[in-house]
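Engineer: There's a structure below that I have some questions on.
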Number of protein chains: 2
Amino acid sequence: MATRTPAPLSAASDAGADAETLRPSDSHVQSFARGLAVLRSFGADAPTLTLTQAAERTGLTRAGVRRILLTLQGLGYVALEGRDFRLTPKVLELGFAYLAAQPWWHVAQPLMEELTQTLHESTSAAVLDGDDIVYVLRVPAHKIMSINLGVGSRLPAHCTSMGRVLLAALPEDERERRVAAMDLGARTSRTVTDPDKLLQVLSQVRRKGWALINEELEVGLISLAVPICDRSGRVVAAINVSSQPQRRNATAMQEQCLPALLAVAQRIGEVLPR
Amino acid sequence: MATRTPAPLSAASDAGADAETLRPSDSHVQSFARGLAVLRSFGADAPTLTLTQAAERTGLTRAGVRRILLTLQGLGYVALEGRDFRLTPKVLELGFAYLAAQPWWHVAQPLMEELTQTLHESTSAAVLDGDDIVYVLRVPAHKIMSINLGVGSRLPAHCTSMGRVLLAALPEDERERRVAAMDLGARTSRTVTDPDKLLQVLSQVRRKGWALINEELEVGLISLAVPICDRSGRVVAAINVSSQPQRRNATAMQEQCLPALLAVAQRIGEVLPR
């Protein structure tokens with residue numbers, strides 16, 4: 001989880017107040033952004049950080065980082081042992097505020113685990129955030145001990161099966177606008193990088209109700225996704241099954257995985273409010 | 001995930017700098033604390049919030065909440081639709097910074113899922129934070145669609161099996177000090193609420209290497225926990241299996257679940273650094 005530059009403050013909003021009071025001061029935004037950047041500078045490669053290390057990783061001054069870390073310590077989000085700061089489990093409450101707000105998430109978890117068991121393949125759920133998909137659930141197939149893409153991690157939407165399902169669900173004009181502005185980088189020699197071709201694929205996905213990606217994200221990876229719709233038909237998330245093409249080719253994915261995946265999506269959707 | 005008052009700023013620390021520079025200004029702490037409180041005011045019962053609702057839930061002024069929400073919007077952590085603010089999946093990155101920093105977490109997930117499948121019971125992992133345990137992993141048994149305690153949620157350590165394992169692992173003097181200061185509230189008529197009795201139970205847990213809780217947290221709930229130790233023997237977390245006493249009594253838990261639970265703890269511990 002590397003530190004990234006926070007997105008620039010978006011312009012005016014329509015919250016119904018005057019422009020004057022709506023624009024938060026730069027210093028507040030900056031101070032909050034820095035605090036969050038320090039939180040995010042911890043990770044798999046840096047479970048503990050000294051002041052100097054945290055300053056290096058965030059690009060902030062040592063004095064600035066010190067103030068932030070001690071603020072975080074005061075709030076119970078980091079703990080200090082000797083000269084090493086580490087995150088406390090209280091940090092989890094922040095991330096799970098998001099999951100708790102998704103009415104379908106707790107229903108999806110056991111159903112997705114059942115699906116992983118039945119198919120002996122990894123399954124996942126994701127939502128769209130800008131041009132990326134963000135994993136909200138990951139159920140690894142048990143024998144695969146390789147890199148697990150954790151909850152909260154991101155992949156480009158244009159070359160992932162769940163991303164295609166989520167992009168396909170957008171209204172046509174928004175879909176065209178987004179694809180035109182998107183960085184359609186190639187991840188393999190098979191990645192669709194032409195915007196017109198991608199729009200054509202997305203129309204097919206919308207018509208069929210599912211998307212299959214065969215080695216467009218990564219060589220040796222095939223994956224099949226379907227949308228989760230609420231009872232009014234609005235797409236709220238996507239779920240997928242992934243495998244290796246030498247184990248299951250496109251036809252096998254469609255014949256052996258699609259019916260079960262659609263059934264799970266249906267069951268999750270049934271609990272959603274209209 | 002209800003809003004809570006942030007913990008008071010802890011006093012001096014030993015980060016090796018002078019007291020003057022170590023104490024963050026109250027305004028910084030407050031502004032950061034308020035920002036996090038607003039993030040946490042969203043939840044299962046409030047997936048979207050208007051300004052007025054957010055002000056009510058946090059106890060902050062409408063103007064203060066507006067500034068924070070627009071800051072969060074600028075940073076990409078909340079989105080505005082009409083008059084409704086909602087969290088974006090970017091919030092997940094914050095919580096998962098903690099999990100990514102736990103070297104055993106990704107190894108534990110598939111092993112715990114295997115355990116849930118084998119035993120047909122829910123399994124979990126937790127760490128100690130103050131007097132609480134905090135769930136870091138939850139694998140619900142597939143047929144139980146009841147309330148799932150999500151990752152990040154808390155329970156009192158004194159009357160949970162994982163809490164007892166984690167308290168038992170503390171050095172004796174710290175254990176005594178902590179138990180003396182603890183709120184030993186009764187959750188059922190069977191909860192151990194006497195500090196001396198609890199210390200005695202914790203000594204037994206430490207000697208045996210596992211803890212069993214039979215309806216002390218909740219009527220109809222029995223659970224068995226063991227520690228995860230790194231290769232130097234330090235306890236880093238606890239894992240448990242939970243069931244209903246009418247399904248498996250204490251003897252059945254010990255005979256049918258303990259060996260498998262200990263084997264999983266051992267396998268997780270093997271990947272930990274010394």
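The values are calculated or read from the model by the stated rules, or taken from the named source; none is laboratory data. Note that this is a predicted model, so its numbers are computed, not measured. Because the Cβ atoms are built from the backbone with ideal geometry, glycine has one as well, and the counts that use them run over all protein chains shown. Just the protein is used for accessible areas: all its heavy atoms, side chains included, with ligands, DNA and RNA removed. Shrake-Rupley method; radii C 1.70, N 1.55, O 1.52, S 1.80 Å.
Engineer: Pick out the one residue from B:G152, B:G185 that is within 30 Å of B:G43 (Cα to Cα) and touching a Gly at 6+ places or on another chain (Cβ under 7 Å). So that I can check it myself, show each step before the final result.
Structural biologist: On the way: B:G185 fails: touching a Gly at 6+ places or on another chain (Cβ under 7 Å).
Unique residue meeting the criteria: B:G152.
Engineer: Sticking with this one: Kindly check whether there is at least one residue in segment B:205-223 that is in contact with a Gly (Cβ under 8 Å, 6 or more places away or on another chain) and open to solvent by 30 Å² or more (accessible area, probe 1.4 Å).
Structural biologist: For segment B:205-223, residues in contact with a Gly (Cβ under 8 Å, 6 or more places away or on another chain) and open to solvent by 30 Å² or more (accessible area, probe 1.4 Å): absent.
Engineer: Is there any pair with a first residue in segment B:148-162 that is at pLDDT 80 or above and a second that is among the hydrophobic types (A, V, I, L, M, F, W, C) and assigned to a helix (DSSP H, G or I) whose Cβ atoms are under 7 Å apart and which are 6 or more apart or on different chains, and what are they?
Structural biologist: As it stands, the answer is B:G152/A:L92; B:G152/A:F96; B:A157/B:L166; B:A157/B:L167; B:H158/B:L198, since those pairs meet every condition given.
Engineer: Of the residues that make up segment A:185-203, is at least one in contact with a Cys (Cβ under 6 Å, 6 or more places away or on another chain), buried (at least 20 other Cβ atoms within 10 Å of the Cβ) and closer than 27 Å to A:Y98 by Cβ? Working first, answer last.
Structural biologist: Residues of segment A:185-203 that are in contact with a Cys (Cβ under 6 Å, 6 or more places away or on another chain), as a first pass: A:187, A:191.
Okay, now just the ones that are also buried (at least 20 other Cβ atoms within 10 Å of the Cβ), so none.
No, segment A:185-203 contains no residue that is in contact with a Cys (Cβ under 6 Å, 6 or more places away or on another chain), buried (at least 20 other Cβ atoms within 10 Å of the Cβ) and closer than 27 Å to A:Y98 by Cβ.
Engineer: Residues of segment A:60-83 being of a type in the set (S, T, N, Q) and free of Cβ contacts under 8 Å to residues at least 24 places away in the same chain, which ones? Quick ask: steps written out before the conclusion?
Structural biologist: Residues of segment A:60-83 of a type in the set (S, T, N, Q): A:61, A:71, A:73.
Result: A:T61, A:Q73.
Engineer: Going by what's in this entry, would B:R86 be described as in contact with a strand residue (DSSP E or B) (Cβ under 7 Å, 6 or more places away or on another chain), at the interface with chain A (Cβ under 8 Å from one of its Cβ atoms), touching a residue at least 24 places away in the same chain (Cβ under 8 Å) and open to solvent by 30 Å² or more (accessible area, probe 1.4 Å)? Can you show your working first?
Structural biologist: Numbers: in contact with a strand residue (DSSP E or B) (Cβ under 7 Å, 6 or more places away or on another chain): yes; at the interface with chain A (Cβ under 8 Å from one of its Cβ atoms): yes; touching a residue at least 24 places away in the same chain (Cβ under 8 Å): yes; open to solvent by 30 Å² or more (accessible area, probe 1.4 Å): yes.
Considered against the rule, which asks whether it is in contact with a strand residue (DSSP E or B) (Cβ under 7 Å, 6 or more places away or on another chain), at the interface with chain A (Cβ under 8 Å from one of its Cβ atoms), touching a residue at least 24 places away in the same chain (Cβ under 8 Å) and open to solvent by 30 Å² or more (accessible area, probe 1.4 Å), B:R86 comes out as yes.
Engineer: What number of residues in segment A:26-47 are open to solvent by 50 Å² or more (accessible area, probe 1.4 Å) and hydroxyl-bearing (S, T, Y)? Can you show your working first?
Structural biologist: Initial filter on segment A:26-47 (open to solvent by 50 Å² or more (accessible area, probe 1.4 Å)): A:26-28, A:30, A:34, A:44-45, A:47.
Retained after the next criterion (residues that are hydroxyl-bearing (S, T, Y)): A:27.
The total comes to 1.
Engineer: Can you confirm whether segment A:104-118 contains a residue that is within 20 Å of B:A100 (Cβ to Cβ) and of a type in the set (S, T, Y)?
Structural biologist: Scanning segment A:104-118, I find no residue that is within 20 Å of B:A100 (Cβ to Cβ) and of a type in the set (S, T, Y), so the answer is no.
Engineer: Please count how many residues of segment B:254-274 are in contact with a helix residue (DSSP H, G or I) (Cβ under 8 Å, 6 or more places away or on another chain), aliphatic (A, V, I, L, M) and either open to solvent by 50 Å² or more (accessible area, probe 1.4 Å) or within 13 Å of B:A238 (Cα to Cα) (or both). It would help to see each step written out before you state the result.
Structural biologist: Let us first name the residues in segment B:254-274 that are in contact with a helix residue (DSSP H, G or I) (Cβ under 8 Å, 6 or more places away or on another chain), namely B:256-257, B:260-261, B:264, B:267-268, B:271.
From the residues that got through so far, the ones that are aliphatic (A, V, I, L, M) too are B:260-261, B:264, B:268, B:271.
Filter again for either open to solvent by 50 Å² or more (accessible area, probe 1.4 Å) or within 13 Å of B:A238 (Cα to Cα) (or both), leaving B:261, B:264, B:268, B:271.
Counting residues in segment B:254-274 that are in contact with a helix residue (DSSP H, G or I) (Cβ under 8 Å, 6 or more places away or on another chain), aliphatic (A, V, I, L, M) and either open to solvent by 50 Å² or more (accessible area, probe 1.4 Å) or within 13 Å of B:A238 (Cα to Cα) (or both) gives 4.
Engineer: If you take the residues in segment B:28-44 that are within 9 Å of chain A (Cβ to nearest Cβ) and at pLDDT below 85, which one is farthest from the chain's Cα centre (by Cα)? Working first, answer last.
Structural biologist: In the first step, residues of segment B:28-44 are kept if they are within 9 Å of chain A (Cβ to nearest Cβ); the result is B:28-29, B:31-33, B:35-36, B:39-44.
This time we only want the ones that are at pLDDT below 85, so: B:28-29, B:31-33, B:43-44.
Values: B:H28: 27, B:V29: 24, B:S31: 25, B:F32: 22, B:A33: 20, B:G43: 17, B:A44: 18 Å.
That would be B:H28.
Engineer: Filter segment B:167-193 down to the residues that are among the charged types (D, E, K, R) and either within 18 Å of the chain's Cα centre (by Cα) or in a helix (DSSP H, G or I) (or both) and list them by number. First the steps, then the outcome.
Structural biologist: Step one: of segment B:167-193, the residues among the charged types (D, E, K, R) are B:172-178, B:183, B:187, B:190.
Those that are among the charged types (D, E, K, R) and either within 18 Å of the chain's Cα centre (by Cα) or in a helix (DSSP H, G or I) (or both): B:E172, B:D173, B:E174, B:R175, B:E176, B:R177, B:R178, B:D183, B:R187.
Engineer: From the list B:T50, B:T21, B:T5, pick out the single residue that is modelled with pLDDT under 50 and open to solvent by less than 70 Å² (accessible area, probe 1.4 Å).
Structural biologist: Working: B:T50 fails: modelled with pLDDT under 50; B:T5 fails: open to solvent by less than 70 Å² (accessible area, probe 1.4 Å).
So the residue among B:T50, B:T21, B:T5 that is modelled with pLDDT under 50 and open to solvent by less than 70 Å² (accessible area, probe 1.4 Å) is B:T21.
Engineer: A:T251 is checked against (1) open to solvent by less than 20 Å² (accessible area, probe 1.4 Å); (2) of a type in the set (V, I, T); (3) farther than 27 Å from A:L99 by Cβ and fails just one. What number does that condition carry?
Structural biologist: Unmet condition: (1).
Engineer: Does B:L75 satisfy being open to solvent by less than 30 Å² (accessible area, probe 1.4 Å) and either of a type in the set (V, I, T) or not assigned by TED's automatic domain parsing to the domain that holds B:L262 (or both)? Quick ask: steps written out before the conclusion?
Structural biologist: Details: open to solvent by less than 30 Å² (accessible area, probe 1.4 Å): yes; either of a type in the set (V, I, T) or not assigned by TED's automatic domain parsing to the domain that holds B:L262 (or both): yes.
So B:L75 fits the description; yes.
Engineer: Take the conditions more than 23 Å from the chain's Cα centre (by Cα), on the phi < 0 side of the Ramachandran plot and in a helix (DSSP H, G or I) and apply them to A:Q246. Does it pass?
Structural biologist: Values: more than 23 Å from the chain's Cα centre (by Cα): yes; on the phi < 0 side of the Ramachandran plot: yes; in a helix (DSSP H, G or I): no.
Against the criterion (more than 23 Å from the chain's Cα centre (by Cα), on the phi < 0 side of the Ramachandran plot and in a helix (DSSP H, G or I)), A:Q246 does not qualify.
Engineer: Another question, then. Could you please find all residues in segment B:89-124 being aromatic (F, W, Y) and either facing chain A (nearest Cβ under 7 Å) or out of contact with any strand residue (DSSP E or B) (no Cβ under 8 Å at 6 or more places or on another chain) (or both)?
Structural biologist: Across segment B:89-124, the qualifying residues are B:F96, B:Y98.
Engineer: Identify, please: which residue in segment B:89-118 is hydroxyl-bearing (S, T, Y) and buried (at least 20 other Cβ atoms within 10 Å of the Cβ) and is, among those, farthest from A:D45 (Cα to Cα)?
Structural biologist: So the first thing to find is which residues in segment B:89-118 are hydroxyl-bearing (S, T, Y), and the list is B:98, B:116, B:118.
Cutting the leftovers down to buried (at least 20 other Cβ atoms within 10 Å of the Cβ) gives us B:98, B:116.
On the way: B:Y98: 12, B:T116: 30 Å.
Ranking the qualifying residues of segment B:89-118, first place goes to B:T116.
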